[in-house]
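I have placed the structure first, in the form of structure tokens, so that the comments after it can refer back to it.
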Amino acid sequence: MSDIVKPTNEKQLLGHPQGLFYLFFAELWERFSFYGMRALLTLYMVNVVFEALSTRDYAAAAVYASYGSLVYASTVIGGKISDSILGMRASIFLGGILMALGHFVLAIENNIAFFLALAFIIVGNGFFKPNISTFVGTLYKEGDPRKDSGFTIFYMGINIGGFISPLLCGWLGQTYGWHYGFGLAGIGMLTGLLFFWSGIRKNVFGDGGKPPSVEVYEKRIMGIPQHQLVRILAFFAAPLIAYLLYSYKSLGGEGTTFEDTNIVNLLFYIIGVAVIVYMATIMIKATMDERKKLFMALLITFFMTIFWGFHELHGSVITLFAARNVNLSLINASQTNALNSMFIVILSIPISIMWTWLAKRKSNPRTPYKFGMGLIFAGLAFYVVSLSGGSADENGMVPFSYLLLLYFLISVGELFMSPVGLSKITDLSPKRIVAFMMGVWFLSSAFAFQIVGFISKQLAIESTDSNVGGFDTLDIYLGGFSLIAKYALVSGVLVLIFGPLMKRLMGNVH
Ligand code: GLN
């Protein structure tokens with residue numbers, strides 16, 4: 001059996017394979033759960049889980065960073081196990097169930113179960129996220145020009161979920177009680193699974209996503225079929241991961257001394273080296289053309305890391321900034337997490353039409369240029385908000401328009417990079433390792449959370465004695481934003497300068 005769908009005589013909808021729309025809704029609801037929970041996470045940690053600590057900002061920053069890193073790093077393992085044993089369908093089911101479980105455990109509102117809940121979401125996301133994205137890629141034949149727009153539509157689904165859920169879960173969570181917000185996230189995940197399941201029942205995926213080999217799938221180890229063993233191990237990985245998350249305590253965070261390194265940080269140094277070594281072995285065995293493309297895939301993953309490192313501050317520093325230093329009237333601080341997705345939904349069609357329009361005139365910028373511009377937009381986003389101090393009121397609260405502008409600019413940057421990269425990754429990777437490469441792509445987000453951790457911990461150290469808002473925190477946040485702006489602008493300009501070199505590596509891939 002093969003993971004590649006044969007799209008030839010397949011039913012179409014809006015010019016795309018019908019399967020795309022089932023994956024669209026499944027992912028929409030999965031992201032609904034993911035982002036609904038994320039909107040509440042930092043505020044929940046600061047106000048509930050770590051409420052008793054004087055270093056609550058620091059502890060929240062450390063756990064948020066570890067959670068984010070692990071939630072995306074797990075996608076490499078989920079991608080690999082799918083490629084070799086489970087196939088995409090079984091992986092998506094397993095991941096969805098574990099994520100729903102995690103959200104429901106969060107809804108219990110118990111400070112110890114809290115870590116276990118995050119761990120279930122981490123393992124679940126590892127199985128769900130890379131596989132549903134790879135599945136989209138397999139709906140199209142190689143070189144199918146609809147693939148980029150297919151990914152744009154899919155990205156739209158992600159962000160419709162990411163837009164609605166902070167509004168709903170954030171409203172429920174902050175108005176009626178955290179558990180309502182987390183509970184709704186869990187229900188969202190189950191809804192996503194229902195969509196996926198109905199796609200399978202209606203046979204819209206053909207043979208796509210089935211296990212790569214029935215023998216491997218059924219092969220028994222100690223009497224247990226491998227696919228069951230994977231499920232059992234996935235379940236029992238959660239307590240171990242919960243322990244890793246909890247390690248913010250053993251190496252820093254609690255009390256008055258701060259340590260910049262915890263077990264998860266160390267783990268990421270190791271993972272970084274391991275990925276590079278493993279990729280090197282793959283590249284040695286690959287053909288020259290594959291090798292160049294894989295190298296480029298790694299480069300775009302690297303630039304994406306820098307971008308996400310600033311972008312993923314949304315759920316931590318920027319949510320706290322919104323809560324403490326932004327004048328909000330219509331929405332609460334957790335609901336501001338909807339703004340990024342809102343802009344993506346508004347802008348993704350115009351921007352993808354712009355690419356097609358430019359392509360017709362043979363002037364669609366190639367990937368490296370889009371990436372350079374994306375980083376520059378991120379820089380501008382933080383630069384603009386770093387200027388907001390002049391408009392602060394007597395309580396150190398800045399106008400909401402600055403936050404809106406930050407989200408607008410960074411979302412434009414995101415559209416220049418993320419959907420483009422997602423699609424290019426599937427083009428630049430040899431078919432045999434495409435799900436694994438999707439995992440490597442998501443590693444960009446994993447490492448990004450280490451950057452998020454670094455930044456948010458620095459800001460937390462400064463804000464510990466004055467974390468109630470006002471000009472103390474305003475100055476700290478704006479100082480941080482202005483530094484971030486500089487780093488993002490410089491990296492964007494560097495990417496533009498090296499664009500011609502990178503273009504050569506990509507060969508026929510645009
Ligand atoms: N917002 C996108 C998603 O949820 C990308 C997130 C990421 O990779 N950091 O899929």
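Give the Kirkwood hydrodynamic radius (Å, one decimal) of the stretch 173-306, defined as one over the mean of 1/r across all pairs of different Cα atoms. Mind dumping the intermediate values first?
Numbers: mean 1/r = 0.0490 Å⁻¹.
Result for the stretch 173-306, one decimal place: 20.4 Å.
With a probe of 1.4 Å, find how much accessible area the chain has per residue, and write the answer as a whole number in Å². Could the numbers behind the result be given before it?
On the way: 19780 Å² over 510 residues.
Dividing the accessible area of the chain by its residue count gives 39 Å².
Over the chain, what relative contact order in percent results from Cα pairs under 8 Å that are six or more residues apart?
Once normalised by length, the contact order is 25 percent.
How do MET283, MET37 rank by accessible surface area computed with a 1.4 Å probe, from largest to smallest? Walk me through the numbers before you get to the answer.
Values: MET283 30, MET37 0 Å².
Solvent-accessible surface, decreasing: MET283, MET37.
For the stretch 49-112, with all protein chains present and a 1.4 Å probe, just round the carbon and sulfur fraction of the accessible area to a whole percent. Intermediate results must be reported in sequence, preceding the final value.
Numbers: 1170 of 1760 Å².
That share works out to 66 percent.
Once the piece of chain linking ILE187 and LEU387 is laid out straight, how much longer is it, given 0.36 nm per residue of separation minus the C-alpha distance between them?
Numbers: separation 200, 0.36 × 200 = 72.00 nm, distance 4.05 nm.
Full extension of this stretch gives 68.0 nm more.
Separation between the LEU267 and ARG504 pseudo-spin-labels, each 7 Å from Cα along Cα→Cβ, expressed in nm?
It works out to 4.1 nm between the two label points.
Would you mind checking the pairs LYS285/LYS424; LYS11/LYS147; LYS80/LYS293; LYS129/LYS202; LYS147/LYS293; LYS457/LYS503 and listing those with alpha carbons more than 26 angstrom apart?
On the way: LYS285/LYS424 21 Å; LYS11/LYS147 16 Å; LYS80/LYS293 20 Å; LYS129/LYS202 22 Å; LYS147/LYS293 18 Å; LYS457/LYS503 37 Å.
Too far apart for the 26 Å limit: LYS457/LYS503.
Using a Förster radius of 35 Å, what is the FRET efficiency between THR356 and LYS202 based on their Cβ-Cβ separation? Nearest 0.05, please.
Numbers: r = 30 Å, r/R0 = 0.85.
Taking R0 as 35 Å, the efficiency between THR356 and LYS202 is 0.70.
Relative contact order for the stretch 74-163 using alpha-carbon pairs under 8 Å, separation at least 6, rounded to a whole percent?
Worked out over the stretch 74-163, it gives 34 percent.
For the stretch 19-97, state what percent of all Cα-Cα pairs lands in each successive 5 Å bin, counting from 0 Å until the bin that includes the largest distance.
P(r) over the stretch 19-97, rounded to whole percents: 3, 13, 16, 19, 17, 12, 9, 7, 3, 1, 0.
Which order, highest average first, do 434-442, 168-176 follow once you tally other Cβ atoms within 10 Å for each residue and take the mean per peptide? Don't skip to the end; give the middle numbers.
On the way: 434-442: 26.7, 168-176: 20.7.
Going by the mean number of other Cβ atoms within 10 Å, highest first, we get 434-442, 168-176.
Quick one: check the C-alpha center-to-center distance for the stretch 39-91 versus the stretch 137-184, whole angstrom.
About 18 Å separates the Cα centre of the stretch 39-91 from the one of the stretch 137-184.
If the convex hull of the alpha-carbon atoms of the stretch 313-360 is projected onto planes in all directions, what is the mean projected area in square nanometres? Mind showing how you got there, number by number?
On the way: hull surface 16.7 nm².
Computed as one quarter of the Cα hull surface, the answer is 4.2 nm².
Using all Cα-Cα distances in the stretch 121-222, what percent lands in each 5 angstrom bin from 0 up to the longest?
2, 9, 13, 19, 19, 14, 10, 7, 5, 2, 0
Can you check what the net charge comes to around SER316, using other residues whose Cβ is under 13 Å from the Cβ of SER316 (Lys, Arg +1; Asp, Glu -1)?
Summing Lys/Arg as +1 and Asp/Glu as -1 gives +2.
Given a cut-off of 30 Å, what percent of all Cα-Cα pairs of the chain lie beyond it? It would help to have the intermediate numbers written out before the result.
Numbers: 57802 of 129795 pairs.
More than 30 Å apart: 45 percent of the Cα pairs in the chain.
What whole-number volume per residue, in cubic angstrom, does the convex hull of the C-alpha atoms of the stretch 386-468 give?
Details: hull volume 9.5 nm³, N = 83.
Once divided by residue count, the hull of the stretch 386-468 is 115 Å³.
Could you sort 469-479, 56-66 so that the peptide with the highest average Cβ count within 10 Å comes first and the rest follow in order? It would help to have the intermediate numbers written out before the result.
On the way: 469-479: 19.2, 56-66: 26.6.
Packing order, densest peptide first, comes out as 56-66, 469-479.
The values are calculated or read from the model by the stated rules, or taken from the named source; none is laboratory data. Nothing here was measured: the structure is a model prediction, and the numbers come from that model. Cβ atoms come from the backbone with ideal geometry, glycine included; neighbour counts cover every protein chain shown. In case anyone asks, the SASA skips ligands and DNA or RNA and just uses the protein heavy atoms, side chains included. Shrake-Rupley method; radii C 1.70, N 1.55, O 1.52, S 1.80 Å.
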